[in-house]
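The values are calculated or read from the model by the stated rules, or taken from the named source; none is laboratory data. Computed from a predicted structure; not experimentally measured. Every residue, glycine among them, receives a Cβ derived from its backbone with ideal geometry; neighbour counts consider all protein chains shown.
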Amino acid sequence: MIGFLVIGLIAGWLAGRLMKGEGFGLLGNLVLGVVGAFVGGFALRIVGFAAVGLIGELLTATLGAIILIYLGRVLRKA
């Protein structure tokens with residue numbers, strides 16, 4: 001569980017760095033990273049992929065966080 005949170009926090013920070021521009025702040029991006037780990041895992045399972053190992057889990061969580069940051073920006077502008 002702690003490893004999952006650490007990966008989520010790193011993924012949130014990384015997604016915040018990759019998605020430049022207006023953000024949700026450091027704390028917001030970190031929370032999005034933790035939630036994004038769930039979203040990324042779900043999104044990859046839909047297309048038939050699975051994360052393997054630490055790097056795979058980090059990439060999955062980062063992908064999920066990027067999706068959430070993007071959706072948050074779209075909803076914020078609407």
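Sort out which residues of the range 32-78 are small (Gly, Ala, Ser), at pLDDT 85 or above, exposed (fewer than 15 other Cβ atoms within 10 Å of the Cβ) and closer than 17 Å to Phe4 by Cα, and write them in order of number.
Residues satisfying the conditions are Gly53, Gly56.
Out of Ala43, Ala50, which single residue is assigned to a loop (DSSP other than H, G, I, E, B) and free of Cβ contacts under 8 Å to residues at least 60 places away in the same chain?
Of the residues listed, the single one that is assigned to a loop (DSSP other than H, G, I, E, B) and free of Cβ contacts under 8 Å to residues at least 60 places away in the same chain is Ala50.
Are any residues in the range 1-31 over 13 Å from Leu58 (Cβ atoms), buried (at least 17 other Cβ atoms within 10 Å of the Cβ) and either touching a strand residue (DSSP E or B) at 6+ places or on another chain (Cβ under 6 Å) or not aliphatic (A, V, I, L, M) (or both), and if so, which ones?
Correct list: Gly16, Phe24, Asn29.
Could you say whether any residue in the range 22-31 is of a type in the set (A, V, I, L, M), in a helix (DSSP H, G or I) and under 11 Å from the mean Cα position of the chain (by Cα)? Break it down into steps so the answer makes sense when it comes.
First, pick out the residues of the range 22-31 that are of a type in the set (A, V, I, L, M): 26-27, 30-31.
Subset that is in a helix (DSSP H, G or I): 26-27, 30-31.
Next, from what is left, pick out any that are under 11 Å from the mean Cα position of the chain (by Cα): 30-31.
Yes, that holds for at least one residue.
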